[in-house]
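Student: Structure provided below as structure tokens; questions to follow.
The values are calculated or read from the model by the stated rules, or taken from the named source; none is laboratory data. Keep in mind the model is a prediction, meaning the values are calculated, not measured. Methodologically, a virtual Cβ is constructed for each residue, glycine included, from the backbone with ideal geometry; neighbour enumeration extends over all protein chains shown.
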Amino acid sequence: METGQVLAEKNADERRSPASTTKIMTALVALENANLDDEMTASENAINSVPYDYVTAGIKVGETLKFKDLLDLMMITSANEASNVIAENVAKDGTLQGFTELMNLKAAALGLDGTHFTNSSGKEEEDHYTTARDLAKLSREAMKLDTFREVVGRTEFTLPDTNLRKSSEWKAGHLTYTNELLRSHSRYYSKVTGIKTGYTDLAGLCLVASAVNPDGLELISVVLGAEDKTHQFEDSQKLLEYGFKNFSYQQLTKKGEYVSRFEVADAVDGKKVEIITNNDFSHILPLDEEVRNQKLKVIKTFNEPFIAPIEQGQTVGKIEYIYDGKSIGVVELVSKEAIEKTTIAILRDKYKEIINDERFIFGVKAAGLAIVAIFILGFILRLINRKRRRRFNYYSSRKNNYRFRDYR
């Protein structure tokens, strides 16, 4: 139940009428939106919308019960008007339709793609359907709630005092628990923990069951459309026993388990990185070692090459487990200890960092351009000075010539 694995299936995605297994969703939605001590009153519509040949507890119009008592009647005895009373009192608009909208929203949120609800009790309607796979997913979610789990695991219930009668005045001698598997015994499981029966002419006999073995492994079975109670309960028991007999919850990895050791470039004293697992990982796998080894593949991936520094606990790879072609989990691999970098490597990397830094490169280029500019400017200034000297010499020469002529 914990992993959601499917250990065996047949026609798991075939659309079927769910009958009263519908009430699993009714209970889940109600428990998420109401308190157990909330008082809920039965309307005329809630009572009279139940077909005459469906199971009822005999709740009266205008009668007020606590949610927890209605939950017992709905899930243990499968009383159909109890589910309608819950639905109307939980729905924001106070209608059965408003509650089925909540049911379908929850179904969508859980990814129940083969499911659609039109009522809260399981009454036969054309667009009211589900699949065995979806019921297993739904039940797995519902069993996470302690209250739900406690109710569906019981065979006993109490008819309460209400605003219209005392507990002793209920005429409900016909009411009893419907999940007969709760009283079963098996060498393969220690306790049946739930969940819900169902029956209509169209749906046949249905049972969503769950059980746990002494090792704490809990499984869910779904049987839909059984022809008689023998198949309804015996087939469910056989399914559960098959799971417990052939599978177990097996630990594939422990946290801190040694995996490998690798050389690390630039490590002080040439220290190697020791790689360990960072988490536990368990999965339900076949007890048959040969079958398990045929279908289970372990793929290790390391983040090579390893270069110092490496921090303690740094992710350095992963282990992926593949079973029967599907990934069943990933374990992170980390460094057991820190690996320091040598001083020479630090200086070398700092030098590389500096010469590759964009600001440094820009500065070098700018300095180069400045030097070129200075050189060009100096060259131009020298040319200008040469021209000036030539002019000065020219004019000085002419002036001296004039003086010489005058002298003569």
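Student: Check off (1) touching a His at 6+ places or on another chain (Cβ under 8 Å); (2) in the same structural domain as Ala109 (by TED's automatic domain parsing) for Leu182 and give me the number that stays unchecked.
Tutor: The single condition Leu182 does not satisfy is (1).
Student: Then there's this: Which of (1) in contact with a Leu (Cβ under 7 Å, 6 or more places away or on another chain); (2) more than 26 Å from Asp53 (Cα to Cα); (3) assigned to a loop (DSSP other than H, G, I, E, B); (4) of a type outside the set (Val, Ile, Thr) is the odd one out, the single condition Glu141 does not satisfy?
Tutor: Failing condition for Glu141: (3).
Student: Cβ contacts < 9 Å: first residue acidic (Asp, Glu), restricted to region 94-120; second residue part of a helix (DSSP H, G or I), any location; separation 6+ or different chain. Result?
Tutor: Within 9 Å, the pairs are Asp113/Ala107; Asp113/Asp134.
Student: Which condition from (1) assigned by TED's automatic domain parsing to the domain that holds Tyr258; (2) surrounded by 14 or more Cβ atoms within 10 Å (Cβ to Cβ); (3) out of contact with any Gly (no Cβ under 9 Å at 6 or more places or on another chain) is the one that Glu311 breaks?
Tutor: Exception for Glu311: condition (2).
Student: Go through region 143-170 and give me each residue that's among the polar types (S, T, N, Q) and farther than 30 Å from Glu218 by Cβ.
Tutor: Residues satisfying the conditions are Thr162, Asn163, Ser167, Ser168.
Student: Would you call Tyr249 more than 30 Å from Glu126 (Cβ to Cβ), hydroxyl-bearing (Ser, Thr, Tyr) and surrounded by fewer than 16 Cβ atoms within 10 Å (Cβ to Cβ)?
Tutor: Taking the combined requirement at face value, the residue satisfies it.
Student: In the list Glu340, Glu257, which residue meets the criterion of being more than 25 Å from Val6 (Cα to Cα) and in contact with a helix residue (DSSP H, G or I) (Cβ under 6 Å, 6 or more places away or on another chain)?
Tutor: Glu340
Student: Evaluate region 215-236: report whether one residue or more is more than 20 Å from Ser17 (Cβ to Cβ), more than 28 Å from the chain's Cα centre (by Cα) and loosely packed, with under 15 Cβ neighbours inside 10 Å.
Tutor: yes
Student: What is the residue count in region 171-186 for residues that are crowded, with 17+ Cβ neighbours inside 10 Å, in a loop (DSSP other than H, G, I, E, B) and among the hydrophobic types (A, V, I, L, M, F, W, C)?
Tutor: Going through region 171-186 one residue at a time, the tally reaches 1.
Student: Sticking with this one: Out of (1) in contact with a strand residue (DSSP E or B) (Cβ under 8 Å, 6 or more places away or on another chain); (2) within 16 Å of Leu36 (Cα to Cα); (3) among the basic types (Lys, Arg), the odd one out for Arg140 is which?
Tutor: So the condition that Arg140 fails would be (2).
Student: A further question follows. Check off (1) farther than 27 Å from Asp13 by Cβ; (2) assigned to a loop (DSSP other than H, G, I, E, B); (3) of a type in the set (Ser, Thr, Tyr); (4) under 30 Å from the mean Cα position of the chain (by Cα) for Ser120 and give me the number that stays unchecked.
Tutor: (1)
Student: Can you pull out the strands (runs of 3 or more DSSP E) entirely within region 265-376 that have at least 1 residues that are of a type in the set (Ser, Thr, Tyr), in contact (Cβ under 8 Å) with a residue 40 or more places away in the chain and under 27 Å from Leu219 (Cβ atoms)?
Tutor: Once the strands (runs of 3 or more DSSP E) in region 265-376 are filtered for at least 1 residues that are of a type in the set (Ser, Thr, Tyr), in contact (Cβ under 8 Å) with a residue 40 or more places away in the chain and under 27 Å from Leu219 (Cβ atoms), what remains is 315-323.
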